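Report on one structure; see the data block that follows.
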Amino acid sequence: LGSIDYEKSWFFKIKLPDTIKLGKNRGEIRYYSTKKAENKYLLVIVDNEYSEGIIKRDTFLKEPDYTWFGVFAHKVGKKKVTIRIVEELINPNNMDKDTVNLRFTYHSKYFEKEVYVRDTIVRWANNNKVK
């Protein structure tokens, strides 16, 4: 196997367990981009279903290459998590000494993951149950 050339590669890594609990859950995204800008933002947009048929679009923003996001599970069983990742790049276009125009560029990625929702999650650490 080869190694990743981070100078030329544009990708993301998502950390979200295959099994989540009822209620609030946390995931993370590491974003690797070759795009350059004066200002960069990473937005993570999650369609969360809070009750049957009630979907709210939640937006999370942290750092240009990392953010955490929330996934809400309202019932036990299989759930499809839908995530949109948007990289926002802002660069100035200098017109003259008194005026500055900004150029906004957006790069968008889409991701889905099927998870299983349980009413409780039991984790083990050093042969002891940890909730």
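Using the structure shown, list the pairs from Lys62/Lys97; Lys79/Lys109; Lys24/Lys109; Lys40/Lys78; Lys35/Lys79; Lys8/Lys79 with a Cα-Cα distance above 31 Å, or answer none. Checking Cα-Cα distances, Lys62/Lys97; Lys40/Lys78; Lys35/Lys79; Lys8/Lys79 exceed 31 Å.
Taking amide H atoms as placed 1.01 Å from N in the peptide plane, the amide H of Lys62 lies under 5 Å from those of Leu42, each 5 or more residues away in sequence or on another chain. Panel values: the chain, Kirkwood radius from alpha carbon pairs, Stokes-Einstein at 4 °C and 1.567 mPa s, translational diffusion coefficient 76 µm²/s.
Mean separation of Cα pairs under 8 Å and 6 or more residues apart, divided by the residue count, gives region 25-107 a relative contact order of 33 percent. Amide H to amide H, with H built 1.01 Å from N, Phe12 comes under 5 Å of Tyr32, counting only residues 5 or more places away or on other chains.
Every number here is computed from the coordinates shown, using simple stated rules; none is lab data. The model shown is predicted, which means the values in this text are computed figures rather than measured ones.
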